[in-house]
Structures are given as C-alpha cells and as structure tokens.
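The values are calculated or read from the model by the stated rules, or taken from the named source; none is laboratory data. Keep in mind that this is a model prediction, so the values were computed, not measured. FYI the Cβ positions are ideal-geometry reconstructions off the backbone, even for glycines, and counts take in every protein chain you see.
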Amino acid sequence: MSTVETAAPHSVEPHSAPTLSAVAKLAGVSSITVSRVVRLPNLVAPETRTRVEAAMRELGYVPNQLAGALASGARTRSVGVLVPTIANSIFADTVQGLSDELEPLGYTVLLAQTHYEPMRENRVLAALLSRRPEAIIMVGSPATEDGAHLLRRAGIPIVETWEMPEAPIDAVAGFDNYEAGCTVARYLVAQGRQSLAFIGGDDPRATQRWNGFSDTARQAGLQPPRRLFLDRHASGSLVALPDLPGVDAVFAANDALAIGFMSALRGAGLLRNGPASVQPVAVIGLGDLEMGRLIAPSLSTLRVHGDAIGRTAAKLMLTRDGPRHVDLGFELVLRDSG
C-alpha cells in the first residue's frame, strides 16, 4: 500500500543569431576570410585565424552546416535535445513526452548525450546548433558560461528542464531539487531517524538535492548527514556498508542507486519484507522507476513528472504565450523501504 504526499509547484526573448558578416566586422577581416577559417582553416594565417576564432566565441557564432542544403530562411523542423545519459531510464519519460508533442507536428528530435562532461556538452551544443534546429531542449542548465553564451546568441527557443534556475536563458520546465532534498529530510526526521546519509554523484541536480537534505537535517538538530559520492556509472550495490556506520536512513539521488543500495542491505541482512516492518535502514530514491515498485520491500521515492516535463518543454518551445517558468513539482511516495 502506497501513500502519496504532494509538494505544491513553486521571459526572456532570445537574441538574433550572429552572422558571418558580424564575425568578419568584429575580427577586422573579410567575410571570405571568415568562411575560410570555418571550412579551410589551414589556408589562413595563424594570427588571423586566432582573431577570427576569438570573434566567433565572443559573438556565439556557430557555422551553418546546412547552408548548402537549405534555401535561405527554410525551416529544418528539427529540435535538439540534450540529456546527460540514455543509460539511466530516469530521463526516458521526458524525452518520450516531448517527442509525443513534437513528432505529430512534423518535428524531428535530435537526441544527444553529454555524459555530465562540461566540455563534451559544449561540443555537442555547437554540433547541434550547426544543424540549425528550431529549438534546444536540455536536461539541466548549461554547465559552462561558454555553453550559456552559445545558447543566448542562438536566436531560437531554449528550454531548460529538471531544474528551476533563477536566471534561465529563456524558458524552464522542472522542479525544485533543493526542496526535494528538504522534503525527504523532513520526512525522515519526523520518523525519528537520527543518522542520515546521501548517495549520489556531483552533478548540479544531485548537489542541489544534497544541499536541501543536509540543511534541513542540521536545522532539525541532527548531526550533519554523510555524503557518499559514487561514479555516475556505478551501482548503489557497490556501497560498502562500513562506509556508512550507524546510518539509519539514506536518500539516494535516483532510484537506480537506491535499488542498488537496497541490494547491499539485503546481502547484509538489513532488509525486512512486509508493509508493517520498520526497516533498520530507511531508503528513499527519486524517479519512481517501475523496478522500485516491484522489488520487495518496495522502494519509497520522490515521483518526478517526467512526461509532463517533456510535454511542457515542447509547448514552451512552440509558443511564447503564458508563463516561461513552470514548476511541475514532485510527490513523496511512501512504500515499504522507508
């Protein structure tokens, strides 16, 4: 039997895209020279090439890889979508939701992975923008100022998701990760748990959850929770229980890590089956994966409305009517693990 607690949900016009002639003017060279730097850089003197490349970075100029294939002003009917990884199904609902909204309208979704690597994200952004998409939708916010600069100057709708940044580039569809951590900590404190820990990576969203979790626990008078970093590709089953001595409650940054950690608890004889059982170590995840509902004991979690995030992101891309900053909230779903 599950119970659900609901958290209440808590505009910027894009710039016009910089042109090749604007780069030429800033660099003090001809448009032909800029074109050579883009297509035949070895034919341009190094000093000139450096000056042109600096102007391109300053303006956020991305060469048009489709210039020869599209007539001037033609629409590509494509949307660039960036996710950290497709290995974790936590983002699948978001991609499905936006695809369900966009594909019937004739749009093609160009999906790319960043692997949580800032420099890779910048390269992927530049590659997507060179295909002249009609919008960019990304999980999270740009990891670097260079990436943010590219997006601000792209001249197309930009939608950041799974976060609620204070100063979004254009539009946002997500939830408050800090408040998510606060909600879990408040629940565990109310249950009388005394020694808390957080398992996750160091990406911005996990860090926001950790900050809310830690701040709330300390404000309640508990000792500061422990934070255990895991490689982004690791399983929670790799957690060595001696690393968390005396812990009686764990918040995992996502359900996959929570399920893995429960496997480690099971191996140590620290899991009890049945809804009436009080777990020696409570475990709460995030994402509401189907596997978490099926395992025994079933996993308590924060349910994030991934499909709604995707559909809302698509609508924010398609129209500028209405709010550009949409908080879709989350729900604390209590099951047997906590």
_Filter segment 302-337 down to the residues that are over 16 Å from Trp162 (Cα atoms) and either in contact with a Pro (Cβ under 9 Å, 6 or more places away or on another chain) or of a type in the set (Ser, Thr, Tyr) (or both) and list them by number._
Leu318, Thr319, Arg320, Arg335, Asp336, Ser337
*All but one of (1) surrounded by fewer than 23 Cβ atoms within 10 Å (Cβ to Cβ); (2) in contact with a helix residue (DSSP H, G or I) (Cβ under 9 Å, 6 or more places away or on another chain); (3) modelled with pLDDT under 95 hold for Ala154; which doesn't?*
(1)
_Step by step: first the residues of segment 251-296, then only those that are assigned to a helix (DSSP H, G or I) and basic (Lys, Arg), then the one that is farthest from Arg193 (Cα to Cα). Which residue is that?_
Arg293
*Restricting segment 162-207 to residues that are closer than 24 Å to Leu230 by Cα and among the aliphatic types (A, V, I, L, M), which is surrounded by the fewest Cβ atoms within 10 Å (Cβ to Cβ)?*
Ala197
_Within segment 308-320, does at least one residue satisfy the condition of being part of a strand (DSSP E or B), farther than 28 Å from Pro245 by Cα and basic (Lys, Arg)?_
no
*asked:* Among the residues of segment 182-204, are any in contact with a Phe, Trp or Tyr (Cβ under 6 Å, 6 or more places away or on another chain) and assigned by TED's automatic domain parsing to the domain that holds Asp321?
replied: no
*Determine which single condition Ala167 fails, assuming it passes every other condition in (1) at pLDDT 95 or above; (2) assigned by TED's automatic domain parsing to the domain that holds Gly310; (3) of a type outside the set (Val, Ile, Thr); (4) part of a loop (DSSP other than H, G, I, E, B).*
(1)
*Show the residue pairs that are 6+ apart or on different chains and have beta-carbon atoms under 8 Å apart, the first residue being within segment 195-219 and farther than 18 Å from Val247 by Cα, the second being of a type in the set (Lys, Arg) and part of a loop (DSSP other than H, G, I, E, B).*
Gly201/Arg232; Asp203/Arg232
*Selection from segment 247-260 of residues that are of a type outside the set (Gly, Ala, Ser), under 25 Å from the mean Cα position of the chain (by Cα) and over 16 Å from Arg335 (Cα atoms)*: Leu257
*Got a number for residues in segment 74-109 being in contact with a Ser or Thr (Cβ under 7 Å, 6 or more places away or on another chain) and on the phi > 0 side of the Ramachandran plot?*
1
